[in-house]
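Here is the structure we will look at, set down as structure tokens.
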Amino acid sequence: MADARSRDVFIVANNVEEMGGLMRFAHTLGRLLSEQGHNVRLVGIVHPQQTFDYGHDLPYTTHVLHERHPPGPVEPKGLAQLNPRLQAKRAARSVIQRLGARRLTRLLRTAQPGGIVIVTQIFAMEWVRLANTHGLHVIGMSHESFSASKASTRYRRVKRYYGDVERLLLLTQADADDWALDGLSNVGVMPNPLGLEAPELSPVDANVVVSLGRFSWEKGFDLLLDAWAEVTDRFPEWSLHLYGDGPDEDALRRRCEQLGLTTVKFCGRTTDVPSVLMAASVYALSSRHEGMPVVLTEALEFGVPCVAFDVSPGVREVVTHGKDGLVVAPGNTSRFADALATLMSNADLRREYGRHGHESVQRYAPAAIVDRWEREFRLLDR
Amino acid sequence: MDWAAVDWAAMGGAGAFRADSLGPVSARRGDDPEVSVVVADSDGAAIDRTLASALAQSFRSLEILLVSDNRHDHPRVRRIAPPIGAVSTGDLRNAGLDAARGRRILFVDAGDELHRHACRNLVVAAEDAGAEVAVGRWVRLSTAGRPVDPPVAELYRQTTAFAALDDEPALLRDAALCNKMFDLQMLRRHGVRFDDNTAFSGRGVVGRALALAGGIAVTPQQVAIRDADEAGPVSDLVMEHRALDEFLAGHASPRVQLAKQVSFLTEELPLALAIVAAGSDADTPAALASLGSYLEALPASTFEQLEPLLNLGVFLVRQGDVDGVRSVVDYLAHDRKITTRLVQRDGRVYWSDRHLDTAEGRRMLDVTTVGFQELRLSQLHLESRVDDYHVKGARLVVRGHTINQLGRLPTDSSVEIALVVAPGRSSRREVAPLTLVAHTDDRLDWEGTVDLSSVVRPGWRGYRSWTLRLRLTVAGESSLVPISAYDDPRIADVRLYSRLRWYPLGNALRTEVTPRGNLALRLVPEGALASAVERVFRVLLTASLARRMLETLGVLVRGLRRLSHGTETKARIYRDLLVRLPQDKKSVVFENHMGQSYSDNPRYVFEELARRDAGFKAIWSFAGDPPPMPEGVRTVPRNSWRYFLALARAGYWVDNQGLPPAITKPARTRYLQTWHGSALKRMGEDTPAFRSMPEDRQERHREMVARWDYFVARSEHDVRTLVPALRVRGEVLRSGYPRNDPLVQLRSNEQRAAVRDELGLPRDAVLVLYAPTFRETYSKGRQDFTLQVDLDQMFAKLPEHVLLVRTHYLQRLRLPAAAHAVARDVSHFPDITPLMVAADILVTDYSSVMFDFANTGRPMVFFAYDYDDYVHSERGVYFELAEKAPGPLVHTGEELLQALSTVDAWRPDYEERYQKFVAEFGEYDTGQAARQVVDRVFFGSAHG
């Protein structure tokens, strides 16, 4: 693209060292922008509990504002507002926050005018707004659906802290529209880039259904087991492989026993997603909450058709029902089971869906997403 | 004025306009700006706000063109001198249009405010879609300063793009100019200019540009706050629309032309009528004439989709009937106020007694289908006015009249009238009774005295305004009507009474006319001293310290109130204290659907128990106002202290849905769960919603159910489905539903006729009870329910039938504006059982009433217009309705009418299925349910 002006870019997240999806996104974006010639710095507010090694020789630098985790937010309600001890705690946190913001300011002051600050999470925004961002463009991001934000404390904070940023980028057009109707008039759309590239499509002929994710309530693996229970008798040669770990693992194993399932395999965590997808025929997403599920884009990139609950606009933006996957009413495990059966019984259909899906997700290819980012940067200068 | 010195940050707007975005202009040197913003200075006072909003734009590649006489300069504003001579807004805009250099152009009027990101968002929308016109959402500010969407905002609910206006002609409905960004070359290429001879030039350009645009992009982001619509004489409006019509005839498809006509009729005609109605008597005939001639020239097809009252308005305009037009405006714009006198003739209801001499007049004025004659007293707005008054000391003596529309207040009935005075936004009321002086078929005259000093009290809340309404009560029904005062100078702004006691808020009570034209009272300070005191007081109240103190006080008060009123506290005290009180073994607490009404199974259990006369004391819980109850029955408000106390001491609990989960059941209390319907839809643990819940919430549900000692079942189907789905642990009583006993017992024609009389339903019509079920969607809250039946067709095909529509309590029924006398809303009847006894035919879809009604043996039709959606994408079902339905399953309104008109033909075909249906889903409904349940639960005999 024309006019590849090199800028200073700061990507600010809660932390930049954990393995979670958002952190991976920050590193991916950092790498892509560095490859465009920008001077990228990743800034984490805190250190996470468990760090992940993103490697050395990164084309960007990483920084952390607080060596020790600052105290959590103090927001007393009702009569508690008159409690002097809580007010003191609130004041103390404010002081520590401002110190961290000052460190951030020092970092930001090294940038040329026209630099960009990308704030990936609302928690981080509390620091950015206290820092001096004069001369820089601040872009906010929210990586969850509007309805998920609305149902949590993040709704209030998004309206309060992201209301004044120059652009707030959401993962899907539908979410951007929801925020626009709710009163934010600075919204735009920026999907996540594909983190993987498929040299060839999965043959989708193995009798395997896979699902990857954290074993927690949001990811809904218990619903997946309920659905599997309805379908496994008809397809005794097929098995369900679950990749991941988390607090609910024991409960899920017990549920398997209760339901009398014998074809479910707990495969632990994996870092080799491509191999898993190449050996799979169907990808199942049974989450109760999602933003824009990156794992669906990855599955389609490898030509693996998807079955998913329609829990957020992001699901439908990635998967086109009837073309590269099947989208089912949230929580309706019987319908989910029917959808799985439809794909499990028809290899031609799987290949057709897989091909369509691969074509469709090229719009999330890194090159395409980087172009969109460059356009955002240029827009802020106009 | 010196703009450079103005503090932009302090200037208005909803906090979206910030001075710190005034950075150096980064427009490339020598290059033209991308966007031109033309500000036409048509109103000097409001121009500052508008200009500030343009200067505060985040998009910086723009030029601001101010077309104004004002000489002062600002570095970022290009001032364009308007042409010499009397200039219209159109001239000013054209001057800006001619001087603009940008690629795109936006026009704002004085008083409009652009959102900070308006230009950026519109440019992005246009570029993303490759469109020549980009449109964003605009809002108005309410009196409280909050942004309010206008009706046209429904066009802007999502980001979309259209190749041309033909793909979405409804966009023409929005005549606003400032929310649209145009490609300048497109305007110049087609020679689009603003008319200089009307006050509505913006409307004309909007219509033309949309019709010519190669691509229209829509964004839901808010781009502007508009002060007011374009306004001017009606003749200007007509002239502009004639010009636009001519243009569209040459440049747009018939579809677009029709849409423009319809949009004129629905959006602008009511406004035009209001202008005419409000105008001085000198201008009105000319305005009416010009509007009338325009309307006459419109093709007949444009009026087909119009609501009947608007059509009536059009007719009256053409007749030059100013009073008639005024009355239509009152109805449409002032809360359905009926200021005309409706007349009844030959069984039809007419808007007035004028124009009835021609067939066309009778057709246009016929408002029988609107259903005024069917409206309940509380829905009918009876026009009331004050005729005379005087004040004696603190006493206001008032005399007035109320129009007795259609004789709704019969002369032989006793009518009670009272004056109700209520402070704004409070539920407290003071009632002063009035006496009826004269009562004819046409009007009621009343008079009375009101003691102002006792009725009007500012109180510690500091009320300053009170509404005045008339309460008319006849035969148990009452209606609250406001008192009209809008063109009555005698009463409009009069000082009634003055009193020192009301300091510091004011000392004089005056009348005032509300924006809706109704009479109200207001407390104002009068005199220099009083005004000064009031001003000081107001300043003190709003001062920051005072506000902080008041907030703290508010926090304290709210905290205390929550402590004393909150359900959690009550529940805790219930558990720790109340259940230790001695039990009253003979007391029984009854509740129906969380206190909703007096009906359903608990009612019939209660009635049976009362018949036994065995010394049991009944306590009924209600969520709202309790209905009249038989003697000796106590009522308690749900979730009140008395409620908790009654539950704690009761010997028995009887309910049909579930008492509040916080209430644990003492072992000494017996809990009879009668439940409220057999299941077609999946329930409880079988639903996706339940499965989606976290484990601890699921446990809480199970604990709630574990309280039940007895559970009533109507069939083995219930035992197979409900018992495991709800995880019922108590004893299952196979007795049938007490509420269905009347359905089995009252089958003779005399009994049914008696029930019809009691309900006020016609004896000799064919009553069709339509009871649809609630459709769950992903959005919560009350839903609007629209009837999928064409009532005109029904009236034509089945004149003997009356459709009784009863919606689920979570739905709001909207009968179409021209609701027939052939359809009636019976949703407010507390108990559906008598309706089922009275009905000849039941129409339902997936509601459990189908199981109940089967007990009557009368025909049923299943109107499942969304069968696939319902069965497949929502909760899921226990059996296929299509396989077991004991009546025809229809999918459209026409099919339904067909089925209703051929009942005798298909009834025998379903006979076998019907028998099977009753056997499977109602095997235990033998009419003895209440007796069996009461025997078992209260008298301990082993039965069921």
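The values are calculated or read from the model by the stated rules, or taken from the named source; none is laboratory data. These figures come from a predicted structure and were not determined experimentally. Heads up, the Cβs are rebuilt from the backbone with ideal geometry, glycines too, and the neighbour counts pull from every protein chain shown. Ligands, DNA and RNA are excluded from the accessible area calculation, which covers all protein heavy atoms including side chains. Shrake-Rupley method; radii C 1.70, N 1.55, O 1.52, S 1.80 Å.
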Inset, instruction - Count the DSSP beta bridges whose two residues both fall in the protein assembly as shown, then state the antiparallel fraction as a percent rounded to the nearest 5. - result: 40 percent
Inset, instruction - Please report, in whole Å, how far the alpha carbons of segment B:271-374 spread along each principal axis, starting with the longest. - result: 37, 29, 25
Legend entry - Phi to ³J(HN,Hα) by Karplus 6.51 cos²θ - 1.76 cosθ + 1.60 over segment A:145-150, Hz, x for Gly, Pro: 6, 4, 5, 5, 4, 4
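What does the charge add up to near A:Arg154, with Lys and Arg as +1, Asp and Glu as -1, over the other residues with Cβ less than 11 Å from its Cβ?
Numbers: positive: A:Lys150, A:Arg156, A:Arg157, A:Lys159, A:Arg160; negative: A:Glu144.
Result for the neighbourhood of A:Arg154: +4.
Hey, can you find the accessible area per residue of segment A:202-275 for me, probe 1.4 Å, expressed in square angstrom?
Values: 3640 Å² over 74 residues.
Using a 1.4 Å probe on heavy atoms only, each residue of segment A:202-275 averages 49 Å².
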Legend entry - For chain A, built as a Gaussian network whose Cα springs stay under 10 Å, the top-fluctuating residue of A:Val95, A:Val370, A:Val117: A:Val95
Inset, instruction - Give me the net charge of A:Ala365's neighbourhood, meaning all other residues with Cβ under 15 Å from the Cβ of A:Ala365; Lys, Arg count +1, Asp, Glu -1. - result: -4
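Work through the residues other than B:Ala126 whose Cβ is under 15 Å from its Cβ and net out their charges, Lys, Arg +1 and Asp, Glu -1.
Working: positive: A:Arg375, A:Arg382, B:Arg103, B:Arg104, B:Arg120, B:Lys180; negative: B:Glu34, B:Glu127, B:Asp128, B:Glu132, B:Asp183.
Every neighbour counted, the sum reads +1.
Mind scanning B:Lys586/B:Lys665; A:Lys77/A:Lys150; A:Lys150/A:Lys265 and naming the pairs with a C-alpha gap bigger than 25 Å?
Working: B:Lys586/B:Lys665 17 Å; A:Lys77/A:Lys150 19 Å; A:Lys150/A:Lys265 36 Å.
Going by Cα-Cα distance, A:Lys150/A:Lys265 fall outside the 25 Å limit.
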Inset, instruction - Find which of A:Leu32, B:Leu295, A:Ser142 sits farthest along the positive direction of the dipole of the protein assembly as shown, computed with +1 on the beta-carbon of Lys and Arg, -1 on that of Asp and Glu, about the Cα centre. - result: A:Ser142
Inset, instruction - Sequence neighbours fewer than 8 away in the same chain don't count; with that in mind, list the aspartates and glutamates whose C-alpha is under 13 Å from B:Lys797. - result: B:Glu894, B:Glu895
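Give me the extension gain from A:Ser345 to A:Asp53: residue separation times 0.36 nm, minus the current Cα-Cα distance, reported in nm with one decimal. The partial results should precede the final answer.
On the way: separation 292, 0.36 × 292 = 105.12 nm, distance 4.12 nm.
Separation in residues times 0.36 nm, less the Cα-Cα distance, equals 101.0 nm.
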Inset, instruction - Would you be so kind as to list the residues of segment A:171-220 that have their accessible area lowered by at least 10 Å² in the full protein complex compared with their chain by itself (1.4 Å probe)? - result: A:Gln173, A:Asp177, A:Ala180, A:Leu181, A:Gly183, A:Ser185, A:Asn186, A:Val187, A:Trp217
Inset, instruction - For an R0 of 22 angstrom, estimate the FRET efficiency from the Cβ-Cβ distance between B:Asp441 and B:Glu800 and round to the nearest 0.05. - result: 0.15
Inset, instruction - Please get the size of the charge dipole for chain B, origin at its Cα centre, with Cβ charges of +1 on Lys and Arg and -1 on Asp and Glu, quoted in debye to the nearest 20. - result: 4620 debye
Legend entry - Rule-of-thumb Rg ratio for segment A:76-176 [Cα; 2.2 N^0.38 Å; N residues]: 1.25
Inset, instruction - Assign unit charges at the C-beta atoms only (+1 for Lys and Arg, -1 for Asp and Glu), then state the dipole size of segment B:572-736 relative to its Cα centre in Debye, rounded to the nearest 20. - result: 380 debye
Inset, instruction - Mind listing the long-range amide H neighbours of A:Gly220? Cut-off is under 5 Å, sequence gap 5 or more, other chains count too, H placed in the peptide plane at 1.01 Å from N. - result: A:Arg288
Legend entry - FRET E, pair B:Glu699, A:Arg254, Förster distance 25 Å, beta-carbon r, rounded to 0.05: 0.95
Inset, instruction - Compare A:Ile116, A:Ile96, A:Ile369 in a GNM of chain A, Cα atoms joined below 10 Å, and give the one with the largest fluctuation. - result: A:Ile96
Legend entry - Under-5 Å amide H pairs with B:Val349, H placed in peptide plane, nonlocal only: B:Val367, B:Thr368
Legend entry - Prolate/oblate/rounded label for segment B:32-229 (Cα gyration tensor, a/c 1.5): rounded
Legend entry - Degrees separating the helix B:716-726 axis from the principal Cα axis of chain B, which is the longest one: 60 degrees
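Ignoring ligands, DNA and RNA, what percent of the 1.4 Å accessible area of segment B:607-664 is carbon and sulfur? Could the numbers behind the result be given before it?
On the way: 1400 of 2730 Å².
Whole-percent figure for carbon plus sulfur exposure: 51.
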Legend entry - Helix B:118-129 vs. chain B, principal-axis angle (Cα, 0 to 90°, nearest 10): 80 degrees
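Evaluate the relative contact order of segment B:384-526 (contact order divided by residue number), counting alpha-carbon pairs under 8 angstrom at least 6 apart; express in whole percent.
Values: 322 pairs, mean separation 31.2, N = 143.
Taking the mean separation of contacting Cα pairs over the length of segment B:384-526, I get 22 percent.
From the helices alone, meaning DSSP H stretches of at least four residues, give me the mean residue ellipticity at 222 nm for chain A, per-run term -39500 (n - 2.57), in deg cm²/dmol to the nearest 500. Kindly include the intermediate steps, with their values, before the conclusion.
Values: 14 runs with 154 residues, N = 382.
After summing the helix terms and dividing by the residues of chain A, the value is -12000 deg cm²/dmol.
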Inset, instruction - Tell me the label-point distance for the pair B:Ala905, B:Arg157, using the 7 Å Cα-to-Cβ offset, in nm and rounded to one decimal. - result: 4.0 nm
Inset, instruction - Name the residues of segment A:325-345, by number, that are at least 10 Å² less accessible with every protein chain in place than in the isolated chain; the surface is that of heavy atoms, probe 1.4 Å, without ligands or nucleic acids. - result: A:Ala329, A:Pro330, A:Gly331, A:Asn332, A:Thr333, A:Ser334, A:Arg335
Inset, instruction - Any lysines with Cα under 27 Å of the B:Lys884 Cα? List them, leaving off those in the same chain fewer than 8 positions away. - result: B:Lys681, B:Lys916
Inset, instruction - Using only the alpha carbon atoms of chain B, find the Kirkwood hydrodynamic radius as the inverse mean reciprocal pair distance, in angstroms to one decimal. - result: 33.3 Å
Legend entry - Cross-link partners of B:Lys180 among lysines (Cα-Cα below 19 Å; sequence separation of 8 or more within a chain): B:Lys260
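Two decimals is fine: what's Rg over Rh for chain A, C-alpha atoms, Kirkwood radius as Rh? All intermediate terms of the calculation are to be shown ahead of the outcome.
Working: Rg = 22.1 Å, Rh = 22.3 Å.
We get a ratio of 0.99 for chain A.
Run the accessible area of segment B:73-174 with a 1.4 Å probe and give the carbon-and-sulfur part as a rounded percent. Before the final figure, lay out the partial values.
Details: 2060 of 4160 Å².
The computed percentage sits at 50.
About its Cα centre, what dipole magnitude does the protein assembly as shown give when the only charges are +1 on Lys and Arg Cβ and -1 on Asp and Glu Cβ, stated in debye to the nearest 20?
Working: 163 positive and 170 negative charges, 1267 e Å.
Approximately 6080 debye in magnitude.
How large is the helix-only mean residue ellipticity at 222 nm for chain B, computed as the sum of -39500 (n - 2.57) over DSSP H runs with n ≥ 4, divided by its residue count, in deg cm²/dmol to the nearest 500? Working shown, then result.
Numbers: 33 runs with 318 residues, N = 944.
Dividing the helical sum by the residues of chain B leaves -10000 deg cm²/dmol.
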Inset, instruction - Once you have all Cα-Cα distances for the protein assembly as shown, histogram them in 20 Å bins from zero and send the whole-percent values. - result: 8, 27, 39, 23, 2, 0
Legend entry - Selected from B:Leu184, B:Pro799, B:Tyr924, residue furthest toward positive end of dipole (chain B; charges at beta carbon): B:Tyr924
Inset, instruction - Output the direction-averaged projected area (hull surface divided by four) of the convex hull of the alpha-carbon atoms of segment B:572-736, in nm². - result: 10.1 nm²
Inset, instruction - Among B:Thr511, B:Ile417, B:Ser715, pick out the residue whose Cα is farthest towards the positive end of the charge dipole of the protein assembly as shown, where Lys and Arg carry +1 and Asp and Glu carry -1 on C-beta, about the Cα centre. - result: B:Thr511
